[in-house]
Structure formats: C-alpha cells, structure tokens
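Comments concern the structure below.
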Amino acid sequence: MPQPEEKDVPIDSRVAAFLRHLATDKDASIYTQRNYRQSLLEFCAWFKQQRETTLDWKVLRRDDFRDYLRHLGKNHLGRSAIQLRFSALRSFYKFLVRNGTVPVSPIRKLALPKLEKRLPLFLTVKQLEDLLIAPAAEMKLADERDESDPALFLRDAAILEVIYSCGLRVSELCRLCAEDIDQSAEVVRVLGKGRKERMVPIGRPALEAIRAYWELRKSPVFGGQAVFSARPDKSTPLSPRTVQLRLKKYLIAAKLDPNMTPHKLRHSFATHLLDAGADLRSVQELLGHAHLVTTQVYTHITTERLKRAYNDAHPRA
C-alpha cells in the first residue's frame, strides 16, 4: 500500500489549534512552524495508513509511538530527523495536556536514538574580519562597473556587524526595530524565542555601520520601523532568506565556505567570547538560551582547541 501524502491528510482541529498557538502565543519561527506542521501531518498520514481508522489523540498509547519510531527507523531516517519529528509530537502533547485534552503525554519517557555529538561550526577572528570588510570591497567593484547601490552594500555591512556584535538569531535580526536600539547606552532590546526579551550590548562599529546605512535610506528610520529593510526605498522588513543569500555572496567574496549560515556567525560570537575569557553564564544570557546546557556545547570547542595546542606544543604531550 503506498504511503499517503501529508497533503492528502486533513488537518484536524487540535493540530490546527496547536499551529495557531505556535504562531501567536509562542512566536515560533516560520521554520519551526513549517517543520512541526509537516511532522504532525506525516504522523497522521502514517496512522491513517497503518491503523485504517480515525486518529484520536486522546486514546493513543506509548506503543503507537513505538511503532511509529520503528517505522521511521526502517525508512533509514537519521537520528536528527527522528528527533525533529518527536520534538513536534512532544510539544503538541504538552499543548494538549495544558488544555486538559489529555491527562498525560503518551510520549513521556519514550526512549529515542541519541543524537551524534557535533560541535558547532564557526569562523576564526581573522575570517570574521575578512567577511566584515567584504561588503565594502564588493561595493567598490560594483561602483567601478557603474552598477552600485551604496545603500544595499551599507545595509549588508551593518547586518554582518550586528549579528556578530550581538550574537543574534537571524529571526531576531529581521524583526529588530529602530526603537529597540539605545545608541547612547549602546544596548539593543531583542525579542527572542517565546517572545522573551533580553538586553544585549552592541559594539560601536555596529552602531556606526547602522548610522551609515540609515543616512543613505530614502526615508528616516524611527519608532517601530525595521532597522533593516528589504529595499532602500521601502520600509518592508528584511526576510531571513535574503540575509542568507546576501551572506553567501560575501562568503564567496571573502574566499570562505559559502555553505556557512547566519547562525554560524552566532556560533562565532559565542566561541570568541569564551576564548577571550567570558564566563559561561554571561554568554548564556547574551545568546538568550533558556538552559545552560545549550550554551555548554561551545566550551567543547575551546577545550578541543586547547588540547590540540597542548599536543602540538608540549614536549611531554
């Protein structure tokens, strides 16, 4: 029997309510919303095919999810892909428990394959310096070809400076408003995951880059207007996809790995702070991590580098 497509499975009312909750109450990123929606519809499609009965979330048991886990394993899904699907199911059941739909989650304490330990990728300080000057170099080349839009390159330079200076997620960067920046105090108010606010210092080079960009904007930027617009003559906020594409352009220009994502600049921010002696708790607050264990992965990077330096240099290593 062929596997039904997710689009063939109607979204039931409880899943629809959960997706609205993600978008409005949790302020989840568009990527989280998309991935969770797809994961839940995949489970519904599998259940419909395997059980040949109407899915009732209230009567599902742990064995149903064990069967689904075995199904995913037989289809050779990686551990991270399996974790993603069950992350969506866990969050969905937490929502159902809070709403009183079910007394307890049937997925609670269900053992999943452990993720492979992978250290975050990051750029060195020198590589970051090369990347940060890439927009200016590209602007000069474009000017020589008489096709330069200075505001676009100055915007991109400011974007790179702000991500690295503040350690922002790309979603946080794109919804940054003019009123969120206190230029005199040199701090930025950031609206993070779950609508949690945090105050983050911003360096002077980043502030200067923003001011240089704003001076070339066709209209003044103030109040609730986006710090970075999609076009110089419009106030439409920048999209995460545009940031990713522009970053790729400058990575190529700086002869760096073009597959690096904006999130890798955030990794670089954290790694460089820890390398310079910042304490883990402070880095956690700057990144907006809810749990310290999320931040601790960066300590492994610095420890591994210290071990390599020791092994290369110590006569008795």
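Selection over region 76-96 of residues that are more than 15 Å from Ala111 (Cα to Cα) and open to solvent by 80 Å² or more (accessible area, probe 1.4 Å) gives a count of 2. Any residue at all in region 277-289 that is open to solvent by 80 Å² or more (accessible area, probe 1.4 Å) and in contact with a helix residue (DSSP H, G or I) (Cβ under 8 Å, 6 or more places away or on another chain)? There is at least one residue in region 277-289 that is open to solvent by 80 Å² or more (accessible area, probe 1.4 Å) and in contact with a helix residue (DSSP H, G or I) (Cβ under 8 Å, 6 or more places away or on another chain).
Quick one: which residue in Ala226, Ala230 is touching a helix residue (DSSP H, G or I) at 6+ places or on another chain (Cβ under 7 Å) and among the hydrophobic types (A, V, I, L, M, F, W, C)?
Details: Ala226 fails: touching a helix residue (DSSP H, G or I) at 6+ places or on another chain (Cβ under 7 Å).
Selected residue: Ala230, the only one of Ala226, Ala230 that is touching a helix residue (DSSP H, G or I) at 6+ places or on another chain (Cβ under 7 Å) and among the hydrophobic types (A, V, I, L, M, F, W, C).
Is there a residue in region 53-75 that is under 23 Å from Ser171 (Cα atoms), open to solvent by 30 Å² or more (accessible area, probe 1.4 Å) and out of contact with any Ser or Thr (no Cβ under 9 Å at 6 or more places or on another chain)? No, that holds for no residue.
Just checking, does region 121-139 include any residue being of a type outside the set (Gly, Ala, Ser), farther than 27 Å from Asn259 by Cβ, open to solvent by less than 60 Å² (accessible area, probe 1.4 Å) and outside any strand (DSSP E or B)? Talk me through it step by step, then tell me what you get.
Residues of region 121-139 of a type outside the set (Gly, Ala, Ser): 121-133, 135, 138-139.
Filter again for farther than 27 Å from Asn259 by Cβ, leaving none.
Scanning region 121-139 turns up no residue that is of a type outside the set (Gly, Ala, Ser), farther than 27 Å from Asn259 by Cβ, open to solvent by less than 60 Å² (accessible area, probe 1.4 Å) and outside any strand (DSSP E or B).
Can you give me the number of residues within region 227-260 that are outside any helix (DSSP H, G or I) and open to solvent by less than 40 Å² (accessible area, probe 1.4 Å)? Selection size over region 227-260: 8. Applying the selection to region 32-50, what residues are open to solvent by less than 90 Å² (accessible area, probe 1.4 Å) and either in contact with a Phe, Trp or Tyr (Cβ under 7 Å, 6 or more places away or on another chain) or without any contact (Cβ under 8 Å) to a residue 12 or more places away in the chain (or both)? Scanning region 32-50 gives Thr32, Leu40, Phe43, Trp46.
Restricting attention to region 151-201, the residues being surrounded by 18 or more Cβ atoms within 10 Å (Cβ to Cβ) and part of a strand (DSSP E or B) number 4.
The values are calculated or read from the model by the stated rules, or taken from the named source; none is laboratory data. Just so it is clear, the structure is predicted and the values come from calculations on it, not from any experiment. Note: ideal-geometry Cβ built from the backbone for every residue, glycine included; neighbour counts use all protein chains shown. Heads up: the accessible areas ignore ligands, DNA and RNA and are worked out on the full protein's heavy atoms, side chains in. Shrake-Rupley method; radii C 1.70, N 1.55, O 1.52, S 1.80 Å.
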